[in-house]
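First comes the structure, then the notes that go with it.
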Amino acid sequence: MGILGCGVLVFALFFQCHSRSVQNPMFRFKRFQDNDCSRTRHPFVLSNPYNFSLDIRLPGVIPTESDSYYCMAVPVPTSQEAYIVDFVPHATMDTAHHMILYGCKTPYATQGYWDCGKELGTCRDQTKIMYAWARNAPPTKLPKDVGFKVGGDTRINYFVLQIHYGDVKNFRDHHSDCSGLTLRMTSKRQPFIAGMYLMMSVDTVIPPGKKVTNADIACTYTSSPMYPFAFRTHTHSLGKVVSGYRVRNGQWTQIGRQSPLLPQAFYPVTNTIDVRNGDILAARCVFTGEGRTAVTQIGGTSNDEMCNFYIMYYMDNTRAVPYMNCGDDGSSELFRNIPSEANIPIPVSPDHMMSMKHESAPHKDVVELQEPKKEEEVLDQGAHLVEVSDWPEADLQLGQVSGLALNSNGDLIIFHRGDHIWGINSFNLNGIYQQKDLGPIQQSTIMVVDPVKGKVLKASGRNMFYMPHGITTDKDDNYWVTDVALHQVFKLSSDGKDRQLLVLGEAFEPGSDKKHFCQPTDVAVDPVTGNVYVSDGYCNSRILKFSPEGKYISHWGAGSSDRKRRASFLIPHSLTFLPDKQELCVADRDHGRIQCFMADTGEFVKEIKKEQFGGEVFAIAYSPVQGGLIYAVNGVPRDGQVAPLQGFAISYSSKEILDSFSPDAQEFKLPHDIVVTADGNVFVGDAASDSVMKFVQSAKAEHRSVKKGGIEVQEIEETETFLQANLKPLPKFPAQHPVAGVQKMQEPSQKQHQQPLAAPEEKETSKTAANQSARGASTTIITTLLLVPLVLVIAVGAFIRWKRGRMYSDDCQVKLEPSGSAGGILGKIRGKAAGSLNLGNFFASHKGYTRHGFDRLSTEGSDLEKDDEDGTDSENEEYSAPPAPMSSS
C-alpha cells in the first residue's frame, strides 16, 4: 500500500503541474498563445451542410508605430443569405488595443491587409459594426434563434477586420501578430435578426485636472420594436462609468451600466425590456481629467477619449433594421432626472487590472447572453409551479368552469355554467343552440373569490347566460364576457347589479359579418386604448377588433411567416393581451399553437408550437416579467394523440418551455382557462371537474424527469428551500395515458423513501469479519493492477512534457513564412464582399464618424465551443447552430 500511495502522490503532482501549465498563460511562452502565426490554419471549415466557421486573422503583421490601425477583408463565403451565430476572439490586450468587425459591400482592398488609420478607411460604401472587442473581453455566446444576417440581399458581402495597435513597444522583439476572430455561421434561417444600436459622443471635451466631466447622449427612437439583450461600454483610460437607459413617459429604465476599465465584453442587459417608437434612448459617460495637463478630446488615439454605449438587440426577421445610431447631445433638462447610479464610478481593483493584463479569458468565463435569450432560463421566484392542495378552503359549488380573470385588486373572478352542461346535443352543425327551453342559468355565474383562502367575496350573473365561455376585465374592473349559446359579447358592471353597459352581437343569431358572431370564445381589452378584441370562435376563424364604444374597426385571421403555408384558425379559443409589447396572442386550440399579432394592425409576429402541447392549446395568459412569460394549458386532442394534460410556462422571446406543471392531489380532466397573478401564482379552471386549482412557485424540489446534455435522467432531489433555481428543459412526453404517467412518477418516489432500516448491529459485525479476510487477499492484486497503468501514464506524460518543452522553448523559435500565413490561405477563398467603418479615419479627420450596427445574433448556449487557448482553432471542431424553426413553431 505504501508503493501505491507514493505512486498516486507522484501522479497527482505531475498532473497538478501539467494543469497549471495549461490553465495559466504565464506558463507558456507568450508568442505561442492563441494568435501564434506559425500554425497552419484552415480559414473555412464546413461542419455539416448547414453550419460552418470562418477564421479571420491578420497575416502576421508587425506594427512600426503606435496607434496603428490595420484592416483585412474576407468575403462572406456564400452568395446566399447566412447568419453569424457566434463570435470567438483571438487576441490579448498586451498586443491589440481593440478589434472591430465590420460588414460592407465594397472594402478598400480585397487582397492582403492595409493601413486603415490614415488615407484609406475600411470600406468605400456604408459600413455596419458587427462585433467589437477590447481589454481581454471573453468570448460572447449569443442567444438562441438570433443571428446576424449577411450575404444575400443584405449588402454585406465582405467582412472587414480592423485592429488598433496601441503601444508599438509591445513589438520590441519584432514578433508578428495574427490576432483576429472566428465566426460561427449557419445557412439556416433564424427567426430573429440581431442589430447594433451605437450611442456615441463626438464633441466632448475633458478639461485637464477636472474631477468629473459628463458626456450625455440621447435620441428619440423611431423604428419598429426592438429588444435589447446585451450591452457594451467603451472609453479609454479616463472613463469611470458608462450607463445606458430607456426613458418612457419620464421613467428611466436601465439597459446596462459598467466600468469601461473592466473587460469590454457584451454583457446581458440589466432589465429585459423593449424599445418602441417614441421612447428615448439615453447614455452617460463619466470621465475624470485628473492627471492630465492638457485638454482631452474625442479621438482615435490612446491619448484621446471615446464615449460609446453599444446596444445589441433583436427584431423579428420581417421587420429588422440591422443598424441604428445616435450621436446627439442630451439636453440638460432630460438628464436632470437621470438615476444617481449613473454618476457613481465603479471601482476596479489593481489586482483585477493586473489579471486582465496578463491572462487570457478561459472558456469558463464565456459571457452567455440571455434572451431572447436562451435554453435554460431562471425564474426570479422559485423553480417550479406546484398545486396548493388545500385551496379553496371551502367548496365553491361550481358548474363547468369556462373562464377566469383577475380584477385590479388581484381577486380571482370565476365564470362558470351552473347547472348547464355543454353536451353533444347542445348545438347543431350550424352552431345554433338547441336547449333554449332550459332558460338562462339561475345560479350566479360570476363569482369573485379571495385568491389566498378561496372565500367567495361576491357573486352576480343570475338569469343572464345560457352557455358562458370567456371572461376578462378592463382597467375599470368591468367584466367582458362571451356566451357561445347567445353568440354575444357583454360588457357588465362589476358592482353586483348586473348592468349591461354594452352588448355586441344578436341573441341566438349566429353570423359572420361585422355585427354577428358564431360562438365567440374570449375577449381581451387593451388597458391603454380600451380597444376590445374578440376571438370568434367555434364557427368563424377570426379575431375582431372594436373601439371601446363597440364600433367595429377591423378583423384578421391566422398568420404565418410563410404565406404559402398559412393555415386558418381552427377554433381561436383564448386571448391574452401583452401590454408591454402591444401585442395580442391567440390560443389556436385545435392547431395546437399560439400565435401573436401586433394589436394595432393585426400584423403577424410569431408562432409557438410545441410537441408537448399534443396538438391542443386551450387557454393562455401572460406575465410581463423576465421579458414576457406565456402560461398555457393543453387539452386532449380528438385525433387520438396522447399527451399529458398539463400547464406550461413559456419564454415569449425564445419560445422555449421553461416549466410544466400539473396537480398532485387531483388531476386535470379538461383545463379550460388559466390566469397568472402579479406575484406569479397561477389558477387553472377545469370544465370537467367543475373546479379551480391554484399553483404557486414553490421552493421545494420534486422528483421529476430532466434532460441534461440531451440525456434524460430521473432525478430525486431532497426537499429543501432555495430562492432561485434553473428551470429544466422539458423531456418529451411519454406515449402513455397522462394518469398512468403521473402514477409511474409517484410510485417509485414513495418506494425509495420507504426503504427498510439498516441491518442490526450483530449482522453488521459478522459481515465485517468476512469482508476483512477477502479484503486482505485482494489488496496485492489491486495494488499491482493500479501500478501498471500508473507507470504507463507517467511515462506518457513525461514524453508529452519533453515534446512541449522543445516546442515552446525560447531557443526553438519557429520562422514564419508569408506563403504559409493565414493571409495566404484567406486569399484563396476571397470572392464577393461587404464593407465597414473606420474609426481611425474618423478621428483623424473628425468626419464620417458613422455608426453602423449589428445584424442579429443567433447561437445556442450549449457547450459546443471549446475555447481554451487551443480549442477554438481545431479544424475538427464542429459547431451546431440551433435548427431553423418549423413553419409551425
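The values are calculated or read from the model by the stated rules, or taken from the named source; none is laboratory data. Predicted, not measured: the structure shown is a model, and the values here were computed from it. Note: ideal-geometry Cβ built from the backbone for every residue, glycine included; neighbour counts use all protein chains shown. Side chains included, ligands, DNA and RNA excluded: accessible areas come from the protein's heavy atoms. Shrake-Rupley method; radii C 1.70, N 1.55, O 1.52, S 1.80 Å.
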Original post:
With the other protein chains left in place, how much accessible area per residue, in square angstrom, belongs to the range 425-577 at a 1.4 angstrom probe?
Top reply: 44 Å²
Subject >> Unsatisfied cross-links (Cα-Cα over 21 Å) in the set K436/K551; K545/K606; K581/K694 >> reply: K436/K551; K581/K694
**OP:** State to the nearest 20 debye the size of the charge dipole of the range 44-192 about its Cα centre, where the only charges are +1 on K and R beta carbons and -1 on D and E beta carbons.
**Re:** 540 debye
**OP:** First compute the accessible area of the range 410-454 with a 1.4 Å probe, then give the percent of it belonging to carbon and sulfur atoms.
**Re:** 53 percent
Subject >> Long-range HN-HN contacts of Y323 with modeled amide H, under 5 Å >> reply: M196, G853
Subject >> the range 44-192, relative contact order [Cα under 8 Å, separation at least 6], % >> reply: 46 percent
Original post:
Is the range 128-222 rounded, prolate or oblate when judged by the Cα gyration tensor, a ≥ b ≥ c being the square roots of its eigenvalues, rounded requiring a/c under 1.5 and prolate requiring a/b larger than b/c?
Top reply: oblate
**OP:** In whole angstrom, note down how far apart the Cα centers of the range 146-182 and the range 228-249 are.
**Re:** 24 Å
Subject >> Local electrostatic count, R284, Cβ distance below 13 Å [Lys/Arg +1, Asp/Glu -1] >> reply: 0
**OP:** Please name whichever of I100, S53, Y83 sits farthest to the positive end of the charge dipole of the range 44-192, dipole taken about the Cα centre and charges placed at Cβ: Lys and Arg +1, Asp and Glu -1.
**Re:** Y83
Original post:
Restricting to lysine pairs 8 or more places apart or on different chains, what number in the range 140-234 have Cα atoms under 20 Å apart?
Top reply: 4
Original post:
What percentage of the solvent-accessible surface of the range 44-192, computed with a 1.4 Å probe over protein heavy atoms, is contributed by carbon and sulfur atoms?
Top reply: 46 percent
Original post:
With the other protein chains left in place, how much accessible area per residue, in square angstrom, belongs to the range 44-192 at a 1.4 angstrom probe?
Top reply: 31 Å²
**OP:** Using a cut-off of 11 Å between beta-carbons, work out the net charge of the residues near Q666 (Lys and Arg +1, Asp and Glu -1, Q666 not included).
**Re:** -3
**OP:** May I ask for the distance between the Cα centers of the range 300-350 and the range 394-415, given as a whole number of Å?
**Re:** 47 Å
Original post:
On the accessible surface of the range 205-309, probed at 1.4 Å, how many percent belong to carbon and sulfur atoms?
Top reply: 46 percent
**OP:** Would you work out which of F44, G180, S68 lies farthest towards the positive end of the dipole of the range 44-192, given +1 charges on the beta-carbon of Lys and Arg and -1 on that of Asp and Glu, about the Cα centre?
**Re:** F44
**OP:** Report the accessible area of Y538, computed with a 1.4 Å probe over the heavy atoms of all protein chains in place, in Å² rounded to the nearest 10.
**Re:** 50 Å²
